[in-house]
Amino acid sequence: MPTNRDRPVARAAALLAIGLLAVGCKAKAQATIDGADLEQRLIKELTDHDFPAKVTCPRDRAFKRGDVFTCNATGTDGTPLAITVTQEDGDGAVAWQMSATFIDSNRVIDEVKAKLGSSDTYTCPKRWLLMKQKGDIATCDVHQGAARGKLVITLQDAEAGSFSWEIKPG
């Protein structure tokens with residue numbers, strides 16, 4: 001599954017420390033993950049993978065190494081996608097992992113052409129194909145001269161992003 005590391009811009013949330021004496025009040029800043037900035041970074045990555053989506057992340061998560069939280073994405077087609085975010089350190093560096101794999105259809109087509117040596121034309125619905133679990137299938141059209149067929153791509157291992165393919169008539 002795709003993962004990414006990023007350092008979102010931190011913002012300080014003012015926390016007032018109320019002392020016993022009114023004159024001794026101090027403000028203490030606690031650094032937090034900027035949820036809105038993280039959302040924008042995730043939206044960009046998803047859009048780069050042909051998955052335009054709305055993303056929501058928790059607000060005001062204090063910097064804490066090892067803290068894990070979930071951002072939720074919903075594609076414009078209604079497809080839900082969970083994104084697990086882990087704080088790498090106490091300074092706002094994060095890594096994220098998506099609950100799906102994006103398979104590059106261009107990579108698949110290049111592999112097919114290299115193996116078959118064909119000059120057939122392949123048309124996939126998107127460059128990046130979203131697949132969530134082993135056995136998920138995506139299809140692309142194949143034009144072999146006047147004949148038509150389907151390139152069937154099957155996800156074999158979501159974590160490794162491995163796939164198999166076959167060409168079927170029709």
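Nothing in this text is a laboratory measurement; each read-out follows from the coordinates by a stated rule. Everything quoted here is computed from the prediction, not taken from an experiment. Using ideal geometry, Cβ is built from the backbone for each residue, glycine included, and neighbour counts are taken over all protein chains shown.
For the range 83-139, the relative contact order is 33 percent, taking Cα pairs closer than 8 Å that sit 6 or more residues apart in sequence and dividing their mean separation by the residue count. Neighbours of ALA73 by Cβ distance under 11 Å: Lys/Arg scored +1, Asp/Glu scored -1, total -1. For the peptides 95-105, 134-144, residues were scored by their other Cβ atoms within 10 Å and the scores averaged per peptide; the highest-first order is 95-105, 134-144. Count Lys and Arg as plus one, Asp and Glu as minus one, and take only other residues whose Cβ is under 9 Å from that of GLY35; the net charge is then -2. For the listed residue pairs LYS113/LYS150; LYS113/LYS134; LYS113/LYS168, the alpha carbons are over 18 angstrom apart in LYS113/LYS134. The peptide list 38-44, 84-90, put in order of mean Cβ contacts within 10 Å with the highest first, becomes 38-44, 84-90. The distance separating the Cα centre of the range 33-59 from that of the range 122-165 comes to 26 Å.
For LYS132, the amide hydrogen comes within under 5 Å of the amide hydrogens of THR101, counting only partners 5 or more places away or on other chains and with H modelled in the peptide plane.
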